[in-house]
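Okay, so here's the structure we're looking at.
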Amino acid sequence: MPFNNPPPLTFTSRRLQDRVVFITGASSGIGAAAARLFAAEGAKVALAARRMDQLERLGAELLEAGCEALPVECDVTDERSVAAAIEATVRQFGKLDGAFNNAGIFGAPAPVHEIDLNIFDAVIATNLRGVVTCMKHEVQAMLANGGGAIVNTSSIGGIVGGANNAIYAASKWGLAGLTKCAALDYARKGIRVNAIAPGPTRSGMLDAWLPTDEALAEMAASFPMNYIADPDDMARAALFLLTDEARWTTGVILPCEGGASAA
Ligand SMILES: NC(=O)c1ccc[n+]([C@@H]2O[C@H](COP(=O)([O-])OP(=O)(O)OC[C@H]3O[C@@H](n4cnc5c(N)ncnc54)[C@H](O)[C@@H]3O)[C@@H](O)[C@H]2O)c1
């Protein structure tokens, strides 16, 4: 089979110009930062989450800044809701080029013998089944459009083990397998599939887990770079994977965790 190399890239300052990107968990934290960044890079963004009031506020902010944004209600645990949100995105913008499957929940820390299986089911339903559901419908739209790029949000908990973290880790390690297999499913169909693996990042999720400055400082100190990331740090890693600058990168789980998995 002949090689199929595209021509050299021409770099622009707006790296997602006119690309349509669907973002889950866009109502807060990393997802909201990604929506602002992708829109600033020229993308038309679909803001998907359950909290419409927050999505509408973000949508209004982006429209005010001259960007195109569509707030769309989406519960990733409900396939009909996901399908409807992606359909609404394609109806509004005419196509789907990119997806950032970022919605997630933490659950509750516990050693394995104390796991509450209802919490396990809820975490898997959102963090793993939710991403499978989104990808199923995103890929259908992308195949119809000749290709695309998908970035999933894993976690440092999805690349290294951690005490009391089995529930969350199981969902995020599963996400790594999903990402790698999907990358191979679509490698010759123009769809790249990657993931970012954030370390501790300032967001509602982290604040609920580590509510004091002391707890945050202790967490930061346990990382090689002594660092708690901003949501924008994660958005920038996802941006790279979505753009053509990463056109030969697929099936990668990109650690964004201040060096923790290097140790
Ligand atoms: N903050 C961290 O330290 C950290 C570290 C590693 C990985 N992550 C991952 O980053 C992602 C974003 O989290 P965040 O830190 O921005 O926290 P966050 O709580 O601010 O954001 C999570 C988002 O997911 C949405 N969401 C949850 N369940 C949903 C559902 N069923 N349907 C649709 N949307 C749903 C929430 O509404 C929210 O918008 C998650 O996947 C999380 O696991 C976060």
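Identify, from the list 68, 64, 73, the residue that is away from the ligand (no atom under 12 Å from the Cβ) and either under 18 Å from residue 244 (Cβ atoms) or in contact (Cβ under 8 Å) with a residue 24 or more places away in the chain (or both). Within the list 68, 64, 73, the selection yields 68. Just one of the listed residues (235, 197) is in contact with a Pro (Cβ under 7 Å, 6 or more places away or on another chain) and either in contact (Cβ under 8 Å) with a residue 12 or more places away in the chain or hydroxyl-bearing (Ser, Thr, Tyr) (or both), namely 197.
Suppose the filter is over 23 Å from residue 177 (Cα atoms) and more than 10 Å from the ligand (Cβ to nearest atom); does residue 98 pass it? Criteria not met by residue 98. If only residues of segment 146-161 that are assigned to a helix (DSSP H, G or I) and touching a residue at least 24 places away in the same chain (Cβ under 8 Å) are counted, the one that is surrounded by the most Cβ atoms within 10 Å (Cβ to Cβ) is 158. Within segment 31-50, being surrounded by 24 or more Cβ atoms within 10 Å (Cβ to Cβ) and among the acidic types (Asp, Glu) holds for no residue.
Tell me which helices (runs of 4 or more DSSP H) are completely within segment 162-230 and hold 1 or more residues being surrounded by 13 or more Cβ atoms within 10 Å (Cβ to Cβ) and of a type outside the set (A, V, I, L, M), or say none if there are none. Spell out how you get there, then give the answer.
Values: elements: 166-185, 204-209, 213-221.
Correct list: 166-185, 204-209.
A search for C-beta distances below 7 Å between a residue of segment 245-261 that is polar (S, T, N, Q) and any residue that is modelled with pLDDT of 95 or more and not in a strand (DSSP E or B), counting only pairs 6+ apart in sequence or on different chains, returns 249/241; 250/183; 250/187; 261/156; 261/159; 261/160. Taking segment 38-76 as the range and being under 18 Å from residue 98 (Cβ atoms), among the small types (Gly, Ala, Ser) and assigned to a helix (DSSP H, G or I) as the test, the residues that pass are 39, 40, 59. Restricting to segment 101-145, name every residue that is in a helix (DSSP H, G or I) and either away from the ligand (no atom under 16 Å from the Cβ) or at pLDDT below 95 (or both). Of everything in segment 101-145, those that are in a helix (DSSP H, G or I) and either away from the ligand (no atom under 16 Å from the Cβ) or at pLDDT below 95 (or both) turn out to be 112, 113, 114, 117, 139, 140, 141, 142, 143, 144. Checked against (1) under 14 Å from residue 141 (Cβ atoms); (2) in contact with a Lys or Arg (Cβ under 7 Å, 6 or more places away or on another chain), residue 42 meets all criteria but (1).
The values are calculated or read from the model by the stated rules, or taken from the named source; none is laboratory data. If you're wondering where the values come from, they're calculated on a predicted model, not measured in any experiment. No Cβ is skipped: glycine too gets one built from the backbone with ideal geometry, and neighbour counts run over all protein chains shown.
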